[in-house]
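Step one of this worksheet: look at the structure below.
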Amino acid sequence: MLFDCQEARPEEDCHCLTAPTRSGFFVVLAAITGLALALRLFHLGLYPAGLFFDEATEGLDALSLAGKPIWHWPLFFTAINGREPLFVYLVHVAQLIWGPTIWSVRVVAALAGVLLVPAMAWLAWEMAPDLVVHCRNRFALWAALAVPALLWSQTISRLAQRMSLFVLFEALFCAALWHAWRSSGRLWWAAAGVLAGLSFYTYLAVRLVPLALGMCLVLAWLRQRPALRARRQGLAIMSILALLVAAPLLAHFVQNPSHFVMRSGQVDILEAGGAPALANNVLQVLGMAFVRGDLNARLNFPNRPVLDWLTLIPFVLGLALSLRWFWRPARFFLLAMLGAMLLPTVLSVEAPNFGRSIGALPIFALLIALGLDRMLAWLGSYRPWLLRIGAGAGWAALLMSVGITGQVYFVRYAALPDLFAAWDTGYTQVAQDMASVPPAGNGGPERIYAGPGVVGNPTVQYLLSGKTEAQHPHDMDGRSCVRIDTSGPARYYVIAAVDGRGERMLASYLPDSRETTVVADPAGRPWAVAFEQPRGGRIVFPELLPRPATFGSGIQLMGYWLSQRTVRAGDRLYVRLFWRASSVPKESYTTFVHLDREDAGLAPPVAGVDALPGNGACVTNDWQPGEVIVDELQLVVPSGAPDGKLTVTTGLYRRETMQRLHIAGNPDDQLTLSIIEKVG
């Protein structure tokens, strides 16, 4: 019988009288899984309130697979420090069902977090006899319930990254391995091998699992040599299948060795701080269970340790039992896996990191269940009638921990001001507002502009995927460049938190526009504002000094503005150029502004600045017909500049060829804007 009271110590079978029956086991497991499902999926697109950079990149990479044959899908994704591919593949499947939404990016990790519950029950069930627990089915259920009891598991499961998928495959592999070891069935050895091979496509922490298994094999060779010999064939089957399944990815790493070390090389603590930093990391990781946890608000309620007051004592007891009899195979396995899975955060910066150490989560759950089982056994040996009370207390403790986790995550954690920046909430809300703007033909603006940092943001790109071209914004950065559409109604988004200048300029240039706050920060201050310019609304440039000139490629100069007419050494001169596009330029041109002596001839300029318009935010090959582009450049008057009159000249050129863009009626293709005076 599978789920009965079979024990390693038959004389203690009475402890199972307080445990669920076989049918009850599955009912309770289904209830625990349903509880995890509710915690993982409740308002998944709203909590956390934003789609941060890395999550959006996962979604964009998944979208890039559309229309490609499976055999052309990448085996490794290089964005955001390099990633194994299985999570992206599954997100692509979710996108086929739900489209490019926040839900479809997060649901894969969330469902992996749900499936971890029955996977942990299976793993605990398989290990129970060798861990000498007193009731196998209750131990399995407690290990399963310990998963949603940990806030660690909750935060990782609602984060659209591959760690949650890895921990699921880790638990499944370990369960299949223990079943194969105990039953010696070839099918289970093969299943363990396939799961091991697939896990290499999840997360780089899997590379340390062979280290833990190697240590266990050494112990088995020293203490259980006959048993090890009897399982040689099974171990060979598992190893061969694991290598065969992982072979495509391993071949990719052989061909691209930089991909194999891409992330680990970036966070190496020895490279960053040497032996003292490593020693400090060890202390930080040892304290992550009950002293201080991860500071990263995306991975944890900052500073909160892994365990609360209800799970701490069972965990410490389970760990102490494993250390006391560490030479026993199952206990040594727990310790070896715990050490190996904590190594990624021990050896990297920002320890403890709950993402890098996620492989230790199943061991934490098993140790909690082991400690609860031992506490109940002690109660039963003291007073048998305390068994029911003790079992009820164990269930109550874990269920209370689940409640605490839900309260912390959905109430305290969700209210943290830090989450606004951590989860790119502002950019998410800006993108959602853009997506709600009706297309031009349905009363919406003909063009949308946004900046700074909006257009290239993966969160914005992902949430606008599938929208019409008119709903995708054109780039600008009001700190150096503003674009004004003179051809029709337009909408301008400004990240006011960093670009007050752009906000002021738009208010000045578009006096008939309506300004609204699109996003407010946690303190209630405007974080992003939008200017709605109506059709026929006034457009004025009060500071513009006319200096019309016709350049090639459909570019015209309307005029300019100078911050001052008299300068001294060390002064910063601001030059504003007002460009107009009659057609879309085919090339990306660089602007130059020079200060020259009035009679310089062929002498080099006294000072100068060369830059793409808007420092790259307003490149010429994105200029649209009917636009006015207000580009500001600044240069410093050098100490060696001669006194007297200096000319301010400008022009455009292609950086690749250094060929200037032609100016009609100007053989030098360099336009003089004004004459200023250097004094003192």
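The values are calculated or read from the model by the stated rules, or taken from the named source; none is laboratory data. Note that this is a predicted model, so its numbers are computed, not measured. Cβ placement follows ideal geometry from the backbone for every residue including glycine, while neighbour counts extend to all protein chains displayed.
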| task | Take the stretch 368-422 and flag every residue that is among the β-branched types (Val, Ile, Thr) and touching a Gly at 6+ places or on another chain (Cβ under 7 Å). | result | 368
| So is residue 122 assigned by TED's automatic domain parsing to the domain that holds residue 368, under 28 Å from residue 26 (Cα atoms) and either part of a helix (DSSP H, G or I) or small (Gly, Ala, Ser) (or both) or not? | yes
| message | Looking only at the stretch 148-175, how many residues end up being of a type in the set (A, V, I, L, M) and either touching a strand residue (DSSP E or B) at 6+ places or on another chain (Cβ under 9 Å) or closer than 17 Å to residue 108 by Cα (or both)? | response | 9
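Condition check ((1) under 19 Å from the mean Cα position of the chain (by Cα); (2) at pLDDT 95 or above; (3) within 27 Å of residue 104 (Cβ to Cβ); (4) not acidic (Asp, Glu)) across all residues:
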site	(1), (2), (3), (4)
403	no, yes, no, yes
414	yes, no, yes, yes
420	yes, yes, yes, yes
436	no, no, yes, yes
439	no, no, yes, yes
| Within the stretch 504-540, how many residues are surrounded by 19 or more Cβ atoms within 10 Å (Cβ to Cβ) and closer than 13 Å to residue 484 by Cα? | 7
| Set 361, 307, 335: member being surrounded by fewer than 21 Cβ atoms within 10 Å (Cβ to Cβ), assigned by TED's automatic domain parsing to the domain that holds residue 114 and among the aliphatic types (A, V, I, L, M) | 335
| Which one is nearest to the chain's Cα centre (by Cα), of the residues in the stretch 46-76 that are among the small types (Gly, Ala, Ser) and in a loop (DSSP other than H, G, I, E, B)? | 50
| request: Check the stretch 96-108 and report whether any residue there is farther than 30 Å from residue 467 by Cβ and at pLDDT below 95. | output: no
| field | Listing of helices (runs of 4 or more DSSP H) fully contained in the stretch 247-358 that carry 1 or more residues being out of contact with any Cys (no Cβ under 8 Å at 6 or more places or on another chain) and free of Cβ contacts under 8 Å to residues at least 12 places away in the same chain | value | 257-260, 262-266, 269-286, 309-324
| said: I'd like the full set of residues that are within 34 Å of the chain's Cα centre (by Cα) and of a type in the set (Phe, Trp, Tyr), limited to the stretch 501-529. | reply: 527
| query | Only one residue in 491, 538, 501, 514 is among the charged types (D, E, K, R) and within 25 Å of residue 648 (Cα to Cα), so which one is that? | reply | 501
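Here is a yes/no grid of residues against (1) over 29 Å from residue 48 (Cβ atoms); (2) aromatic (Phe, Trp, Tyr); (3) without any contact (Cβ under 8 Å) to a residue 40 or more places away in the chain; (4) not assigned by TED's automatic domain parsing to the domain that holds residue 615:
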residue: 456; (1), (2), (3), (4): no, no, yes, yes
residue: 459; (1), (2), (3), (4): no, no, no, yes
residue: 468; (1), (2), (3), (4): no, no, yes, yes
residue: 475; (1), (2), (3), (4): no, no, no, yes
residue: 480; (1), (2), (3), (4): yes, no, no, yes
residue: 484; (1), (2), (3), (4): yes, no, no, yes
residue: 492; (1), (2), (3), (4): no, yes, no, yes
residue: 506; (1), (2), (3), (4): yes, no, yes, yes
residue: 525; (1), (2), (3), (4): no, no, yes, yes
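Matching residues to (1) hydroxyl-bearing (Ser, Thr, Tyr); (2) surrounded by 19 or more Cβ atoms within 10 Å (Cβ to Cβ):
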{"site": "179", "(1), (2)": "no, yes"}
{"site": "191", "(1), (2)": "no, yes"}
{"site": "202", "(1), (2)": "yes, yes"}
{"site": "228", "(1), (2)": "no, no"}
{"site": "234", "(1), (2)": "no, yes"}
{"site": "239", "(1), (2)": "yes, no"}
| query | Does residue 581 satisfy the condition of being modelled with pLDDT under 95, surrounded by 15 or more Cβ atoms within 10 Å (Cβ to Cβ) and within 36 Å of the chain's Cα centre (by Cα)? | reply | no
| query | Within the stretch 543-563, is even one residue without any contact (Cβ under 8 Å) to a residue 12 or more places away in the chain, within 43 Å of the chain's Cα centre (by Cα) and either outside the structural domain of residue 500 (by TED's automatic domain parsing) or assigned to a strand (DSSP E or B) (or both)? | reply | no
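Every residue, every condition in (1) at pLDDT below 95; (2) over 30 Å from residue 171 (Cα atoms); (3) surrounded by 15 or more Cβ atoms within 10 Å (Cβ to Cβ), yes or no:
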position	(1), (2), (3)
368	no, no, yes
375	yes, no, yes
378	yes, no, no
394	yes, no, yes
397	no, no, yes
425	no, yes, yes
| Which number in (1) more than 30 Å from residue 309 (Cα to Cα); (2) at pLDDT below 95 marks the one condition that residue 251 misses? | (2)
| remark: Given the conditions (1) over 41 Å from the mean Cα position of the chain (by Cα); (2) closer than 29 Å to residue 506 by Cα; (3) among the polar types (S, T, N, Q), every one holds for residue 634 apart from (1)
| note | Inside the stretch 405-422, the number of residues satisfying the requirement of being surrounded by fewer than 17 Cβ atoms within 10 Å (Cβ to Cβ) and either of a type outside the set (Phe, Trp, Tyr) or part of a loop (DSSP other than H, G, I, E, B) (or both) is 9
| query | Would a scan of the stretch 276-298 turn up a residue that is charged (D, E, K, R), surrounded by fewer than 18 Cβ atoms within 10 Å (Cβ to Cβ) and out of contact with any Pro (no Cβ under 8 Å at 6 or more places or on another chain)? | reply | no
| Among residues of the stretch 625-669, those that are in contact with a Lys or Arg (Cβ under 9 Å, 6 or more places away or on another chain), surrounded by 17 or more Cβ atoms within 10 Å (Cβ to Cβ) and farther than 30 Å from residue 452 by Cα, counted | 3
